[in-house]
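The structure under discussion appears below in the form of structure tokens.
The values are calculated or read from the model by the stated rules, or taken from the named source; none is laboratory data. Treat the numbers as computed from the prediction; the structure is a model and nothing was measured. Every residue, glycine as well, gets a Cβ built from its backbone with ideal geometry; the counts of neighbours run over all protein chains shown. Side chains are part of the model used for accessible areas, which takes the heavy atoms of the whole protein and leaves out ligands, DNA and RNA. Shrake-Rupley method; radii C 1.70, N 1.55, O 1.52, S 1.80 Å.
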Amino acid sequence: MNEDKVYEIIQRWRDTPEEDLKPEDYQRFKDIGAACLSGGDSEQLLKFVQDEKNQGIVKSMGCGLLAPLVDEVVRNEKSHDHCQAAITQLTKICSPRNLLESIFELTEAIDPGAISDTTLAILPHLQRVLLQLDENQAACVGLALSALQKQLSRLPVPYTQQQEEADEHGLCRCCIALAVFTEPFIERLKKMDEKCKSTTEDDELKAEILKFCMRSLKEPLLEAELNQDRKSTLWLYAVEIMVILPAIKESLSGLLFFSSLRKFPIMDTSLTKDSIACLAYLLFVQLITIDSFPAVFNPVFVLQCNMEHINQLLSSKKESYLLKALALFAKSLEKVEDNSLPVGLLDLMSFYSAPQNLRQVLTDCPIKHLCNANKWFLGMELLPLLELVLSLPQGAETDLLTNMDK
């Protein structure tokens, strides 16, 4: 289409009320914008959307430019700045509702090879649009977070230090960007405490942020290799999630120890259990936010509660789950005084199931380093254990029930 024809069409759109525009007008406007970008004229398109004479057209049909502009940002670094500026202009002029619909459609159709780049390109604009909403903001925030996390779950989680530093698929960068994205909504919830009573919208927003945290705990944090001695990107993301929970007035002890007594906002049961198990690991093994955790809980009570989380992780076949289960088990036992447990704990199903699950790991697990015996069960270290087990202080008169705690 030659330049004169395009100018004639644009002039007609300027003179046409929005309600008189037809579906073919919207499609043609999008096609012209896409052709402009493919021809390397991103600067010209930016000038068009910024031109005062075109604000009516852009307000009516500008949302159609969002997908081609984002595609160009991802595809062509040279036109990055012009396209980002054009998207920013769209967020200032177009209807937030229409923009959200376009962003959700774009998110749903992300190219598998461009998930991280597309996510990073749209997040700042999505945040700006959501903050403009006058109503139903919480529901839209929830939909946005769910859609983005669904796409990010398709990316492989880096497992070694080298993989995480390389961040080949961009998951680590996206996680940090997501944390930044949620900041203004978390600030809103913090301010909620200053009011006498929270609104239904506030409560809904809190529920959506909680679901975001729970999904993050399972993917990617439960699958990641975390080490407090190496402050990696995913470790820092774990810190962000652990800080968000108390910031929105979600008690860590309540989540860990009393989650069975409450109803979580429409969440899959296995997701909830896996997420809380990861929460226990981050708190008691990685010691994230442990300084602010109440010190009133007895170590035996903590162990008793953690056994549920340990069993949940041991029931998995994934190496990352099993390693976290074993680490949590060891840390929980270390805190118990005198290395002794009340006999009554043996009546609990979780204490019966854990040895069964551990035995299965040791015998059936194909991952060799998980099956290797602990040093306490090898060589000279084994002798003190055998002495304790086989000891009969009063000979044949020894009360086995009294001595079984050893």
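For segment 60-179, which whole-number percentage of the solvent-accessible area (1.4 Å probe, protein heavy atoms only) is attributable to carbon and sulfur atoms?
Numbers: 2560 of 5280 Å².
The nonpolar share, carbon plus sulfur, comes to 49 percent.
Mind giving me the FRET efficiency for E18 and E319? R0 is 41 Å, r the Cβ-Cβ distance, nearest 0.05 is fine. If you can, show how the numbers build up before the last one.
On the way: r = 57 Å, r/R0 = 1.38.
Step by step, r from the Cβ atoms, then E = 0.15.
Taking R0 as 41 Å, what FRET efficiency do you get between A114 and K5 from their Cβ-Cβ distance, rounded to the nearest 0.05?
In this case the efficiency is close to 0.80.
Quick check: residue separation of F258 and R173 times 0.36 nm, minus the Cα distance between them. What number comes out in nm?
My answer for the length gained is 27.2 nm.
Averaging sequence separations of C-alpha pairs under 8 Å and six or more residues apart, then dividing by the length of segment 245-355, give the relative contact order as a whole percent. If you can, show how the numbers build up before the last one.
On the way: 85 pairs, mean separation 29.3, N = 111.
After rounding, I find 26 percent.
Put +1 on the Cβ of each Lys and Arg and -1 on the Cβ of each Asp and Glu in segment 269-334; which of L287, L314, S332 then has its Cα farthest toward the positive end of the dipole?
L314
With a probe of 1.4 Å, find how much accessible area the chain has per residue, and write the answer as a whole number in Å². Please report the intermediate quantities before stating the final value.
Working: 22170 Å² over 406 residues.
Accessible area per residue, the chain: 55 Å².
Using Cα pairs closer than 8 Å and at least 6 residues apart in sequence, work out the relative contact order for the chain, in percent.
On the way: 379 pairs, mean separation 37.8, N = 406.
RCO, the chain: 9 percent.
What pairs from K30/K53; K150/K197; K150/K331 go past 28 Å between their alpha carbons?
Details: K30/K53 18 Å; K150/K197 33 Å; K150/K331 33 Å.
Correct reply: K150/K197; K150/K331.
Given a Förster radius of 35 Å and the C-beta distance between S251 and R97 as r, what FRET efficiency does 1/(1 + (r/R0)^6) yield to the nearest 0.05?
On the way: r = 36 Å, r/R0 = 1.02.
Calculated value: 0.45.
So the label point goes 7 Å from the Cα of R359 along Cα→C-beta, right? Which residues of segment 305-338 then have their backbone N under 17 Å from it?
Within reach of a label on R359: 311, 314-315.
Principal axis lengths of segment 1-140 from Cα atoms, whole Å, largest first?
42, 36, 24
Helix-derived [θ] at 222 nm for the chain: sum -39500 (n - 2.57) over DSSP H runs of at least 4, divide by residue count, nearest 500? Don't jump to the answer; show the numbers that get you there.
Details: 21 runs with 263 residues, N = 406.
Result for the chain, helices only: -20500 deg cm²/dmol.
What nm value, rounded to one decimal, do you get for the distance between Q50 and F301 when each label is placed 7 Å out toward the C-beta?
In this crude label model, Q50 to F301 measures out at 6.2 nm.
Please report, in whole Å³, the volume per residue of the convex hull around the C-alpha atoms of the chain. List each step's numbers first, then the result.
Working: hull volume 72.2 nm³, N = 406.
Per-residue hull volume (Cα only) is 178 Å³.
Residue separation times 0.36 nm, minus the C-alpha to C-alpha distance between Y26 and E77: what's the value? The partial results should precede the final answer.
Working: separation 51, 0.36 × 51 = 18.36 nm, distance 2.72 nm.
Residue separation times 0.36 nm, minus the Cα-Cα distance, leaves 15.6 nm.
Rank-order 239-247, 44-52 by packing density, defined as the average count of other C-beta atoms within 10 Å over each peptide's residues, highest first.
Values: 239-247: 18.1, 44-52: 16.3.
Highest-to-lowest ranking by the protection proxy: 239-247, 44-52.
Run the quick spin-label model on Q161 and K231: label points 7 Å from Cα toward the beta carbon, then report their separation in nm to one decimal.
1.6 nm
Please give the Cα centre distance for segment 153-190 versus segment 61-81, rounded to the nearest Å.
A separation of 23 Å, based on Cα centres.
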